[in-house]
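Please treat every number below as a calculation from the coordinates, not as lab data. Since this is a predicted model, take the numbers as computed values, not measurements. Glycine gets a Cβ as well: all are built from the backbone with ideal geometry, and neighbour counts include every protein chain shown.
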There are 2 protein chains.
Amino acid sequence: MGYVKWSYETLNRFCTDVFHNFGFSDEEGKIIKDVLLTADLYGIESHGMQRMVRYHKGIEKGTIHPTAKPEVVFETPVSAVIDGHNGMGQLNAYFAMNKAIEKAKTTGVGIVSVRESNHFGIAGYYAKMASDQGLIGVAATNSEAIMVPTFGRKAMIGSNPIAVAVPADPFPFLFDASTTVVTRGKLEMYNKAGKPLPERWALDANGNPCSDAPTVLSNIVAKKGGGIMPLGGNDPLTGSHKGYGWGMVCEILSSILSNGVNSDQCCTFKDKTGICHGFIAINPAFFGDAEAIKKNFSDYLQRLRESPKAEGQEQIYTHGEKEIFAEKDRRENGIPVNDNTMVELSNLCSYLHMDFSKYFEGYQVNKDSKFFAGNY
Amino acid sequence: MGYVKWSYETLNRFCTDVFHNFGFSDEEGKIIKDVLLTADLYGIESHGMQRMVRYHKGIEKGTIHPTAKPEVVFETPVSAVIDGHNGMGQLNAYFAMNKAIEKAKTTGVGIVSVRESNHFGIAGYYAKMASDQGLIGVAATNSEAIMVPTFGRKAMIGSNPIAVAVPADPFPFLFDASTTVVTRGKLEMYNKAGKPLPERWALDANGNPCSDAPTVLSNIVAKKGGGIMPLGGNDPLTGSHKGYGWGMVCEILSSILSNGVNSDQCCTFKDKTGICHGFIAINPAFFGDAEAIKKNFSDYLQRLRESPKAEGQEQIYTHGEKEIFAEKDRRENGIPVNDNTMVELSNLCSYLHMDFSKYFEGYQVNKDSKFFAGNY
């Protein structure tokens, strides 16, 4: 399986029509597609077009309720809890982060936790909403259980990403990472590419290391056991318990503060996923001179970039830097999409009665492609 | 080198006299020794008696100012910045976390960042101060650079631990971990034990993996290069950039919000270390029914403990559980102290004109012991 490149404009036109046809308002569609396309622009292929199938299947199966609106069910000047009523994760997250930002501007801090939502795309998108306004932003989400706790053999915790964005010059710090060693999306990419998984990534149903992506993914969907290791692997000697702990921290921000559904029970329902999110915005001006704080941080980031490289290495990146390079490249040269993902986009067009060839002119979909298509 | 066990009471008596003789008030001494002894009781040997030498040398060299008092230099209802005036880290941290707790009780959240402080012991001690009062607690500190960023060969970030404590039944969640794959204290223990370091822990001066603890520690002290890998190792395939990112998050809470000294410059001064801390307290009652939130979390933790074990494993721990078992064991059977640490305690007695044998009756210090004694 190979890749085909499409311009940002092509994918933007396609996504705009997809979400319109799903029944979202123009404003809602714009938010959703911006989150998806930002992932592809940033080079986070796992969370762009590759993930469209999950929203397609979620709406088709009824676990995503496209007409739902987020509702504030508890609120104070520094905090809020939102019931997402099983709507699109992107819409709930966008609403919640804006609320956190609003609070941080007034009171210094805003912490907003969301229950009964859905997969929200890249956490970094929401964290960056805060840093774009001069604030520190944190975004987290739980998800269907995929992380096997240290010494376990059953996935009990989601990939549970947390993103942190902080204003800096010449570009913000943007850390966005699952608390598993890799995301489920990465396994989906290896599955689509037919490649064996690297060592120290995944476990089979007995809790032993496993390099076969289709086996791991199908076990997870069938709840047969196994899954992805925490950051730090499956051995405390390499810090397994630390990745497991960070997964729990994500859970605390999302399903605990919102009193929602924990990762081990997410996606076990017929009519919802139960996925929860958490957002924090912190106003540096409530700690002194925000410009001085930003300068101190920017200087440190620059020293990191300039520090001596390991033998054979040419560059030390600060977090968010690769994304900036990727966006420049992809806006100029196009966004690569896997041929197996194109199969999924073609299926989506059939579902929505859209003309695939209108967007992806001349592209021939391989209808015989074999890959584990999941049960999203 | 072997170990000798001492009762809690013996070490408590010793520590009380040590800090009295250093000139601390009874109240101050009580805080400092409680942080140290809690580490030993919790089985975190790296941060108990083993670390006494650092405080001894810090006071002797003048980087720790024993008479300093923390000063609030910026404050709002949700935030504060504290200048620690280079006093003992434990005293600054205790003061700062209490301030965060006070704010969280009133406004829902308290974030307090401290600059110009010193090594504060275990981060978990302060996080647990919050959970003991029904709040979520976070404690972090930067430290002398020891973490080598991904693709680098010079330590630029501290071991930068972060602890998170959350009320739960039958015992709180208490996650306390360095963002390096292991702490510097662990390397100090391997050094004292004369053992080679496990793979994927440390790097030599050229940025290549290295298993020799004395080499790594002496390189760090001499700023020659090398250090400890981030959680996730030195390869992005195993998540190196994630551990590096968590190290930066710790830096943001400590040296960035307080506009203090970043890890790469900590401990490069003659008359101070510049170490910074960060503390957060969050009041669950500002998110709804605190008891319901606690029950949701406790139930999830219980399902984690009861979930199926990997082949060959008998127990899945939740964070903070091992510490509870360790404390029970050590209160009953004594606290093990390494013979090389006993050499350091004997040197401390000489420095303070204390009678070593009054506390450690019958114990013969090995004056010929060879280990890398550092330059703390």
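Size descriptors for the range B:154-225 (Cα atoms only): Rg and Dmax, in that order, 15.0, 48 Å. Once C-alpha pairs closer than 8 Å and six or more residues apart are averaged by separation and normalised to the residue number of chain B, the relative contact order reads 22 percent.
Taken over the range A:49-159, the percentage of Cα pairs per 5 Å bin, counting from 0 up to the bin with the maximum distance, is 2, 12, 19, 20, 19, 14, 9, 5, 1, 0. Label point of residue B:102 (7 Å along Cα→beta-carbon): distances to the other copies' equivalent points are 3.2 nm, sorted ascending. Considering the rotation that superimposes chain B on chain A, the residue of B whose beta-carbon lies nearest the axis, and that distance in Å, is B:109, 2. Looking at the range B:260-322, the chymotrypsin sites (Phe, Trp or Tyr not before Pro) that sit in a DSSP loop and have at most 15 other Cβ atoms within 10 Å of their own Cβ are B:269. So, R0 is 51 Å and r is the distance between the beta-carbons of residue A:208 and residue B:208; what FRET efficiency does that work out to, to 0.05? Computed FRET efficiency for residue A:208 and residue B:208 comes out at 0.95. The other copies place their residue B:306 label points at 5.8 nm from this one, listed shortest first, where each point is 7 Å from Cα along Cα→Cβ.
Cross-link reach is defined here as a Cα-Cα straight distance under 20 Å, omitting same-chain residues fewer than 8 places apart; for residue A:195 the aspartates and glutamates meeting it are A:45, A:204, A:212, A:339, A:344, A:368, B:235. Across the alpha-carbon set of chain B, the Rg to Rh ratio works out to 0.96, Rh being the Kirkwood radius. Using the Cβ-Cβ distance between residue A:61 and residue A:8 with R0 = 35 Å, the FRET efficiency computed as 1/(1 + (r/R0)^6) comes to roughly 0.70. Here is the list for the range A:322-363: GluC sites (Glu not before Pro) lying in DSSP coil, each with at most 12 other C-beta atoms within 10 angstrom of its C-beta, are A:361. Computed over the range A:138-289, the range of Cα coordinates on each principal axis works out to 53, 36, 31 Å, biggest value leading. In plain terms, if you count all Cα to Cα distances in the range B:188-228 and split them into 5 Å steps from zero, the share in each step is 6, 30, 35, 22, 7, 0 percent.
Peptide A:74-82 is shielded by partner chain Cβ atoms: per residue, an average of 5 of them sit within 10 Å of its Cβ. Contact order normalised by length for the range A:12-141, with contacts defined as Cα pairs under 8 Å and 6 or more residues apart; what percent is it? Answer for the range A:12-141 is 20 percent. Other protein chain C-beta atoms within 10 Å of residue C-beta, averaged over A:145-154: 5.
Rg of the Cα atoms in the range B:1-116, relative to 2.2 N^0.38 Å, amounts to 1.19. In the protein assembly as shown, helical runs assigned H by DSSP with n ≥ 4 each contribute -39500 (n - 2.57); averaged across all residues and rounded to the nearest 500, the mean residue ellipticity at 222 nm is -12000 deg cm²/dmol. In plain terms, if you count all Cα to Cα distances in the range A:245-376 and split them into 5 Å steps from zero, the share in each step is 2, 7, 9, 8, 9, 13, 16, 14, 11, 8, 3, 1, 0 percent. If only the Cβ of Lys and Arg carry +1 and only the Cβ of Asp and Glu carry -1, the dipole of chain B around its Cα centre is close to 680 debye. Taking only the Cα atoms of the protein assembly as shown, the ratio Rg/Rh comes out at 0.98, with Rh defined as the Kirkwood radius. Each other copy places its own label point for residue B:350 at 8.3 nm from this one, sorted shortest first, where the point lies 7 Å along the Cα-to-beta carbon line. Exposed loop positions in chain B were taken to be trypsin sites (Lys or Arg not before Pro) whose DSSP state is not H, G, I, E or B and which have at most 10 other beta-carbon atoms within 10 angstrom. Between these positions, the longest stretch is B:1-269. Ordering A:146, A:23, A:209 by Cα displacement along the dipole of the protein assembly as shown toward the positive end leaves A:209 in first place; charges were set at the Cβ atoms of Lys, Arg (+1) and Asp, Glu (-1). As a calculated quantity, the FRET efficiency between residue B:106 and residue A:289 at R0 = 25 Å, using C-beta atoms, amounts to about 0.50. The Cα center of the range A:131-198 and the Cα center of the range A:297-376 differ in position by 16 Å. Of the cross-linked pairs A:105/A:128; B:105/B:294; A:192/A:328; B:33/B:128, which ones have a Cα-Cα span greater than 21 Å in the structure shown? Checking Cα-Cα distances, A:192/A:328 exceed 21 Å. Cross-link partners of residue B:309 among lysines, defined as those whose alpha carbon lies under 22 angstrom from its own and excluding same-chain residues fewer than eight positions apart: A:154, A:223, A:224, A:242, B:322. Counting Cβ atoms of other protein chains within 10 Å of each Cβ in A:195-202 and taking the mean gives 2.
Identify the residues of the range B:254-278 with backbone N under 11 Å of a label point that sits 7 angstrom from the Cα of residue B:223 along the Cα-to-Cβ direction, or state none. Of the residues in the range B:254-278, B:264-270 have backbone N under 11 Å from the label point off residue B:223.
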